[in-house]
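**Q** Can you keep this structure in mind? I'll have questions shortly.
The values are calculated or read from the model by the stated rules, or taken from the named source; none is laboratory data. Worth saying up front: this structure is predicted, and the values here are computed from it rather than measured. For neighbour counting, all protein chains shown are included, and Cβ atoms are generated from backbone atoms with ideal geometry for every residue, glycine included.
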Amino acid sequence: MFFPEAMNEVQLIVPSKDLLAVTNVLGSRGVFHQIDSTYLGVNSGPNTWQEKAARCSALERRIQGVLQILSLKEEYFESSGFDSEDLDMMRFAIESIEADVKATSDQWANEKKRLEQLESQLRQLEPIADINVEVGSFQNSRYLYSILGIIPASNISRLETSLSRVPHVLFTLKEDVHKPVVWILARRSNSDMIDRAVKSAYLNPLALPEKFEGTPAKVAESIRVEIESTKRKISDLDDALVKLANIHKSELYKLLWNVHVNRMMAEAIARFGQLRHTYVVVGWVPTSDLPSLTQRLKNVSKEILIEAMPMARAGHPSNVPVALHNPGLLRPFEMLVNTYARPRYEEIDPTVLIALTFPLLFGAMFGDVGHGLMLAAIGWLLSSKKIKALRGMASLGGLMTACGLFGAIFGFLFGSVFAFEDVLPENPFFKQFFWMKPLENIIETLGIAVGLGIALLSIGLLLNLYNAIRARDWARFFFDPNGLAGLILYWSLLGLIASIFIHGFPIPWPVFVILIVLGALASVALSEPLKRLVEGYRPLIEGGVGIYIVQTFFELLEKFISMFSNTMSFVRVGAFAVAHAGFCLAVFVFAGLASGGTNTGFGYWAMVVAGNIGVVLFEGFIVSIQTMRLHYYEFFSKFFTGGGLPYEPLALPGAQKN
Amino acid sequence: MSGGVSAYAAISSRVRAMYANLLTPQDVLQLSEASDFSSLFGLLKNTAYGPYLDSLKDKDIAPKRAIIQIKRKLAASYNSVIQMTPVETRPLVKELYRYFELGNLKAILRGLVTVSVGNSETTLWDRVREVLFPLGSDTVLPAQAMIESGSVTSAVDLLHGTPYEETLSFAMKRYSAEQNLFPLEVALDLSHWRRLWSQAGKLTGQDHQYGAKIIGSLLDMNNLMWAIRYRVYYKLSEEEIINYTLPFGYRVHDSDIRAIAAGADIAPIVMRIYPMIGDVNVMFEEPQAGLPKLEFQLKRQLMNQCLSAFVGSPFHIGIPLAFLVMSDLEVQDLTVLIEAKSSNMPDDEYRPFLLKPTLLN
């Protein structure tokens, strides 16, 4: 939970005869993160497994196509386990179903198309419905050449330009952003030029069927009748397709499963190294899953060779996939960590820590029992997925719930409920939980916030030391700006301030000055040369001593400023706690104004409710950004490098691990 | 405040840093000295393209693969610029990037109509994949599914909900009637450039000025070459040429296009628009050889326009756009080099088509 799962690099030598069984075990366990090992093979020619995967992919798409035609959901039912059927057999089965479905589906598609055509014709007739002239008479005019059609809106002006030398009239009968209807009239002797122009302007002439005669109104009536008849046919065909779906459903799902699994297996095998009689498979497996996987592999292949090498955390193992294993409750916080970066293999996974500190900082800035519980309730609603439209935000639900609950806890401590600042402190029961009012203890509140910041930054620096120890990166441990020297510098600065301002501080200030000089030298001024010395790189100083001294001066300046600003950044925690009380005060001032000074009545309570909602929305948004900022910029930057490779195990549908 | 210092401070510095990584004219000349493709590949590995080429395994080192890897750097540049571009101007850069998606779409459609009987789908997809610009996940095209659909009509059906749907819904009628990709490609091109010009038109202040200058110059080059080719090669009618071109641009005006469409002498029109290009008359004496030279000269003008964007105030969209166009032109140079070296083409046949070295003149 505190670290990514320990991983083993696994190399398998698989006899060709056991290839499918072994791949099936690897895929069905869902724990094996595969690495492309084709380079270990001897076969540099075309890979037959790649071809098989492509064929499976094509078949899968065909099955998906049939499922779509039959309005069946694309689902994977592990009905019969993996069945390595001959692809040609499966293709034959799919073709047979396609053939059975094709006649009806083609007819359905044709009728649908016809319906669309008729409806489109009807729509296009709407703009000229009032014209009491037979449409056909324009088409058959001896001297007049007429074209009625739909054209991309952006092409109309260009069409007019192209016809500038040809006498013509162009009417836009229907102003539509996407498909305007235009009508062009010109002399029949210019018909070839008109045709070229309208064709190159992508005008699609309206194909009014010749059987419809009369005025546009009459044609429209005839089309409506035709539409009704077509709809009836489509309805009959829908019934026929439902029957076909019932007949072929189970076979289609079985085929889909088989083709899908075959494809995944072929894709996996295509990345194995192929030797003459064996295959080389390389990948990563979590240590906890290794024994069971090994046992199952040996069960299906007696001759398989398995070599597993536990991967140490030291030495920057950047190619090791990182599997995080946090309890379900911590998933929203894991998401928060992953948004910043995925932990590296050798690093601490800060999910647990952030699960505590994030709601803590949020709650301190959002301290109100009512507001906190409201936020928690919204969070619970989101994570319960009860509201369909908000299901996409379900992952935020847990985070909001935790933050809301901490907000409620701080609400008890600050004595605030729905912006009422006096109710809880005056209640005999809740009085015992009351700590202080931030607005009345501003300096104390800000001081505590800075203290909290110092604690968090110190934890961050200590975690960096721990990460360096785990990675056995001694240069980082001692001389990194956030390493031991950096920590000594930070604490010494704090000590110096304490010894100056706190009367009777046990350690005299000169001690801290000496430590500051030593810390600054080791963590900034001499950090790079010392690191190079430890790591054996030469030259110790790059670019000349002059540049180095100037650079060091500015780095030192930057270091002191950043330490100060990082710490003072946490003032905002106290500032928002104070601001919250200020907002609450403002709500009641406005409510008083709305009630005309009576502090009662509908206006007063409406303003109190609206003000509370406003405070929850406004503050909730701002505070969450501030909390994230404090974690990402101030806290994580001290110890968390990130950049880990995601662990993506090979998993056939329904794999056991998942 | 898209034209402001605050909006462009970061991107301007970043782009200038990336600009410094572009090859110099001397670098391109040095690359052209390579004796063959493998030595060119070795030299390229020492440039900013190295990290992209390093990922190729020895057995995969082939001209087409190398070109794809080189294009990956261009894709990375686009992604980097898009992420840092201010919100107001981002749609323009995204639309410019879409040009490569348009190229991929055309390649897919061409792949579908040129498939010979007896070739399996796998082979076709593999062949098409090799020429697609590596857009990664930044594309709306279901490329493999389109190829596997087996026909242009089915492939176009898969573009439902994409920006290409509406354009193709009109053009497909003509494809069905003519069984020729020309109307589809023209419609897609026109639609893309209209959208791009429209995005440039939405900008304000310096952004508008530089957006119109660089996008307009790109558009000029394409529009002018379309009009000339439609008349010289395809012998299209005046109406068709007008409908297949665009009425806007930076230097090329609608009146110029209409004059070309109406049959006016092309060389004087080109010379009036681009007085700095010499020997235009000679180019039209033998269009087959002359038009590529004219296009090359237009690209040179474009490159000069891009370079001019780097002079003066840096806080506008001109610098990112100019950098991206320059990067694209560099990739074109490298593509010429790779293809020339892999086919052992004599130096004098391809060197005149290298853009970067012309900056030394």
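**Q** Kindly establish whether B:LYS235 is away from every other protein chain (no Cβ under 14 Å), more than 19 Å from B:PHE296 (Cα to Cα) and either surrounded by fewer than 22 Cβ atoms within 10 Å (Cβ to Cβ) or out of contact with any His (no Cβ under 9 Å at 6 or more places or on another chain) (or both). If you could, list the steps in order and put the result at the bottom.
**A** On the way: away from every other protein chain (no Cβ under 14 Å): no; more than 19 Å from B:PHE296 (Cα to Cα): yes; either surrounded by fewer than 22 Cβ atoms within 10 Å (Cβ to Cβ) or out of contact with any His (no Cβ under 9 Å at 6 or more places or on another chain) (or both): yes.
Spelling it out, it is not the case that B:LYS235 is away from every other protein chain (no Cβ under 14 Å), more than 19 Å from B:PHE296 (Cα to Cα) and either surrounded by fewer than 22 Cβ atoms within 10 Å (Cβ to Cβ) or out of contact with any His (no Cβ under 9 Å at 6 or more places or on another chain) (or both).
**Q** Being touching a helix residue (DSSP H, G or I) at 6+ places or on another chain (Cβ under 9 Å) and buried (at least 22 other Cβ atoms within 10 Å of the Cβ) is the filter here, so list the residues in the range A:280-292 that pass it.
**A** A:VAL281, A:GLY283, A:VAL285, listed by residue number.
**Q** Can you tell me which residues in the range A:542-567 are over 40 Å from the mean Cα position of the chain (by Cα) and at pLDDT 75 or above?
**A** A:VAL545, A:GLY546, A:ILE547, A:TYR548, A:ILE549, A:VAL550, A:GLN551, A:THR552, A:PHE553
**Q** Among the aromatic types (Phe, Trp, Tyr), part of a helix (DSSP H, G or I), in the same structural domain as B:MET303 (by TED's automatic domain parsing) and modelled with pLDDT of 95 or more, is that true of B:TYR230?
**A** Criteria met by B:TYR230.
**Q** Hey, another quick one. Look at B:ILE214 and say whether it is buried (at least 22 other Cβ atoms within 10 Å of the Cβ) and away from chain A (no Cβ under 14 Å).
**A** Values: buried (at least 22 other Cβ atoms within 10 Å of the Cβ): yes; away from chain A (no Cβ under 14 Å): yes.
It is true that B:ILE214 is buried (at least 22 other Cβ atoms within 10 Å of the Cβ) and away from chain A (no Cβ under 14 Å).
**Q** Separate question: Any idea how many residues of the range B:228-242 are of a type outside the set (D, E, K, R) and touching a Lys or Arg at 6+ places or on another chain (Cβ under 9 Å)?
**A** Pass one, the range B:228-242, residues of a type outside the set (D, E, K, R): B:228, B:230, B:232-234, B:236-237, B:241-242.
With the extra rule that they be touching a Lys or Arg at 6+ places or on another chain (Cβ under 9 Å), the set shrinks to B:236-237, B:241-242.
Total satisfying the criteria: 4.
**Q** Residues to consider are A:GLU226, A:GLU251; find the one that is under 20 Å from A:LEU652 (Cα atoms), among the charged types (D, E, K, R), out of contact with any Gly (no Cβ under 6 Å at 6 or more places or on another chain) and in a helix (DSSP H, G or I). Step through it out loud before you land on a result.
**A** Details: A:GLU226 fails: under 20 Å from A:LEU652 (Cα atoms).
Only one candidate passes the filter, namely A:GLU251.
**Q** Specify the residue that is nearest to A:ARG158 (Cα to Cα); the eligible residues are those in the range B:193-209 that are touching a Leu at 6+ places or on another chain (Cβ under 9 Å) and away from chain A (no Cβ under 12 Å). Steps first, please.
**A** Of the residues in the range B:193-209, the ones touching a Leu at 6+ places or on another chain (Cβ under 9 Å) are B:193-194, B:196-197, B:199-200, B:202-203, B:207, B:209.
Now drop any that are not away from chain A (no Cβ under 12 Å), which leaves B:196, B:199-200, B:202-203, B:207, B:209.
Values: B:LEU196: 17, B:GLN199: 19, B:ALA200: 20, B:LYS202: 21, B:LEU203: 24, B:ASP207: 27, B:GLN209: 25 Å.
Taking the candidates together, the pick is B:LEU196.
**Q** Restricting the search to the range A:171-186, which residues are over 20 Å from B:ALA262 (Cβ atoms), out of contact with any Ser or Thr (no Cβ under 6 Å at 6 or more places or on another chain), more than 8 Å from chain B (Cβ to nearest Cβ) and not β-branched (Val, Ile, Thr)? Before the answer, list the steps.
**A** First, the residues of the range A:171-186 that are over 20 Å from B:ALA262 (Cβ atoms): A:171-185.
With the extra rule that they be out of contact with any Ser or Thr (no Cβ under 6 Å at 6 or more places or on another chain), the set shrinks to A:171-179, A:181, A:183-184.
Still in the list and also more than 8 Å from chain B (Cβ to nearest Cβ): A:171-177, A:179, A:181, A:183-184.
Result: A:PHE171, A:LEU173, A:LYS174, A:GLU175, A:ASP176, A:LYS179, A:TRP183.
**Q** Answer yes if at least one residue in the range B:10-27 is among the small types (Gly, Ala, Ser) and within 14 Å of chain A (Cβ to nearest Cβ), and no otherwise.
**A** First, the residues of the range B:10-27 that are among the small types (Gly, Ala, Ser): B:10, B:12-13, B:17, B:20.
Of the ones still in play, those that are also within 14 Å of chain A (Cβ to nearest Cβ) are none.
No - not one qualifying residue is present in the range B:10-27.
**Q** Please enumerate the residues belonging to the range B:305-361 that are of a type in the set (D, E, K, R) and under 18 Å from the mean Cα position of the chain (by Cα).
**A** Filtering the range B:305-361 for residues of a type in the set (D, E, K, R) gives B:328, B:330, B:333, B:339, B:341, B:347-349, B:351, B:356.
Hits for the range B:305-361 are B:ASP328, B:GLU330, B:ASP333, B:GLU339, B:LYS356.
**Q** Further, regarding this structure: Considering the range B:254-268 alone, what residues qualify as being of a type in the set (A, V, I, L, M, F, W, C) and either surrounded by 16 or more Cβ atoms within 10 Å (Cβ to Cβ) or within 11 Å of chain A (Cβ to nearest Cβ) (or both)? Show your work before the answer.
**A** First pass over the range B:254-268, keeping only residues of a type in the set (A, V, I, L, M, F, W, C): B:257, B:259-262, B:264, B:266-267.
B:ILE257, B:ALA259, B:ILE260, B:ALA261, B:ALA262, B:ILE266, B:ALA267, listed by residue number.
**Q** Among the candidates A:GLY620, A:GLY546, A:GLY611, A:GLY643, which residue alone is loosely packed, with under 14 Cβ neighbours inside 10 Å and in contact (Cβ under 8 Å) with a residue 40 or more places away in the chain?
**A** Going through A:GLY620, A:GLY546, A:GLY611, A:GLY643 in turn, the sole match is A:GLY643.
**Q** Within the range A:187-203, work out how many residues are more than 12 Å from every other protein chain (Cβ to nearest Cβ) and assigned to a helix (DSSP H, G or I).
**A** Taking the range A:187-203 and keeping what is more than 12 Å from every other protein chain (Cβ to nearest Cβ), we get A:187-189, A:191.
From what's left, assigned to a helix (DSSP H, G or I): A:188-189, A:191.
Result for the range A:187-203: 3.
**Q** Can you tell me which of B:THR167, B:THR139 is of a type in the set (Val, Ile, Thr), at the interface with chain A (Cβ under 10 Å from one of its Cβ atoms) and in contact (Cβ under 8 Å) with a residue 24 or more places away in the chain?
**A** B:THR167
**Q** Taking the range B:173-187 only, how many residues are touching a helix residue (DSSP H, G or I) at 6+ places or on another chain (Cβ under 6 Å), of a type in the set (A, V, I, L, M, F, W, C) and in a helix (DSSP H, G or I)? I'd like the intermediate steps shown before the answer.
**A** So the first thing to find is which residues in the range B:173-187 are touching a helix residue (DSSP H, G or I) at 6+ places or on another chain (Cβ under 6 Å), and the list is B:174-175, B:181, B:183-185, B:187.
From what's left, of a type in the set (A, V, I, L, M, F, W, C): B:181, B:184, B:187.
Checking which are in a helix (DSSP H, G or I) leaves us with B:184, B:187.
Residues meeting the conditions: 2.
**Q** Name the single residue that is nearest to A:ALA475 (Cα to Cα) among those in the range A:514-525 being surrounded by 15 or more Cβ atoms within 10 Å (Cβ to Cβ) and among the aliphatic types (A, V, I, L, M). Before the answer, list the steps.
**A** Here is the first cut: in the range A:514-525, the residues surrounded by 15 or more Cβ atoms within 10 Å (Cβ to Cβ) are A:515-516, A:519-525.
Of the ones still in play, those that are also among the aliphatic types (A, V, I, L, M) are A:515-516, A:520-522, A:524-525.
Working: A:LEU515: 19, A:ILE516: 19, A:ALA520: 15, A:LEU521: 14, A:ALA522: 11, A:VAL524: 13, A:ALA525: 14 Å.
Top of the filtered list is A:ALA522.
Okay, residues lined up against (1) of a type in the set (Val, Ile, Thr); (2) within 24 Å of A:ARG344 (Cα to Cα); (3) at pLDDT below 85:
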site	(1), (2), (3)
A:ARG472	no, yes, yes
A:GLY486	no, yes, no
A:LEU496	no, no, no
A:SER499	no, no, no
A:VAL511	yes, no, no
A:VAL517	yes, no, no
A:LEU521	no, no, yes
A:LEU526	no, no, yes
A:LEU533	no, no, yes
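**Q** While we're looking at this one, here's another question. Within the range A:144-162, can you find the residues that are outside any helix (DSSP H, G or I) and more than 7 Å from every other protein chain (Cβ to nearest Cβ)? Let's see the steps before the verdict.
**A** First, the residues of the range A:144-162 that are outside any helix (DSSP H, G or I): A:144-152.
Residues satisfying the conditions are A:LEU144, A:TYR145, A:SER146, A:ILE147, A:LEU148, A:GLY149, A:ILE150, A:ILE151.
**Q** Can you tell me how many residues in the range B:180-191 are without any contact (Cβ under 8 Å) to a residue 60 or more places away in the chain and either surrounded by 20 or more Cβ atoms within 10 Å (Cβ to Cβ) or away from every other protein chain (no Cβ under 11 Å) (or both)? Walk me through how you get there before you give the answer.
**A** Quick first cut of the range B:180-191, residues without any contact (Cβ under 8 Å) to a residue 60 or more places away in the chain only: B:180, B:182-183, B:186-187, B:190-191.
Still in the list and also either surrounded by 20 or more Cβ atoms within 10 Å (Cβ to Cβ) or away from every other protein chain (no Cβ under 11 Å) (or both): B:180, B:183, B:186-187, B:190-191.
So the count comes out to 6.
**Q** Go through (1) facing another protein chain (nearest Cβ under 9 Å); (2) aliphatic (A, V, I, L, M); (3) crowded, with 21+ Cβ neighbours inside 10 Å for B:ILE228 and report which single condition fails.
**A** (1)
**Q** A:TYR604: of a type outside the set (Val, Ile, Thr), in contact (Cβ under 8 Å) with a residue 12 or more places away in the chain and touching a helix residue (DSSP H, G or I) at 6+ places or on another chain (Cβ under 7 Å), yes or no? Before the answer, list the steps.
**A** Details: of a type outside the set (Val, Ile, Thr): yes; in contact (Cβ under 8 Å) with a residue 12 or more places away in the chain: yes; touching a helix residue (DSSP H, G or I) at 6+ places or on another chain (Cβ under 7 Å): yes.
It is true that A:TYR604 is of a type outside the set (Val, Ile, Thr), in contact (Cβ under 8 Å) with a residue 12 or more places away in the chain and touching a helix residue (DSSP H, G or I) at 6+ places or on another chain (Cβ under 7 Å).
**Q** Oh, and also: Exactly one condition in (1) part of a helix (DSSP H, G or I); (2) in contact with a Phe, Trp or Tyr (Cβ under 7 Å, 6 or more places away or on another chain); (3) surrounded by fewer than 21 Cβ atoms within 10 Å (Cβ to Cβ) is not met by A:VAL261; state its number.
**A** Against the list (1) part of a helix (DSSP H, G or I); (2) in contact with a Phe, Trp or Tyr (Cβ under 7 Å, 6 or more places away or on another chain); (3) surrounded by fewer than 21 Cβ atoms within 10 Å (Cβ to Cβ), A:VAL261 comes up short only on (3).
**Q** Any residue that is part of a helix (DSSP H, G or I), in contact with a Pro (Cβ under 6 Å, 6 or more places away or on another chain) and over 30 Å from A:VAL259 (Cβ atoms) - is there at least one of those in the range A:637-650? Give the derivation first.
**A** Within the range A:637-650, the first condition is being part of a helix (DSSP H, G or I), and the residues that meet it are A:637-639.
So of that shortlist, the ones also in contact with a Pro (Cβ under 6 Å, 6 or more places away or on another chain) come out as none.
Within the range A:637-650, none of the residues are part of a helix (DSSP H, G or I), in contact with a Pro (Cβ under 6 Å, 6 or more places away or on another chain) and over 30 Å from A:VAL259 (Cβ atoms).
**Q** So for the range A:79-91 (the condition being within 14 Å of chain B (Cβ to nearest Cβ), surrounded by fewer than 14 Cβ atoms within 10 Å (Cβ to Cβ) and modelled with pLDDT under 90), does at least one residue qualify?
**A** Yes, the range A:79-91 contains a residue that is within 14 Å of chain B (Cβ to nearest Cβ), surrounded by fewer than 14 Cβ atoms within 10 Å (Cβ to Cβ) and modelled with pLDDT under 90.
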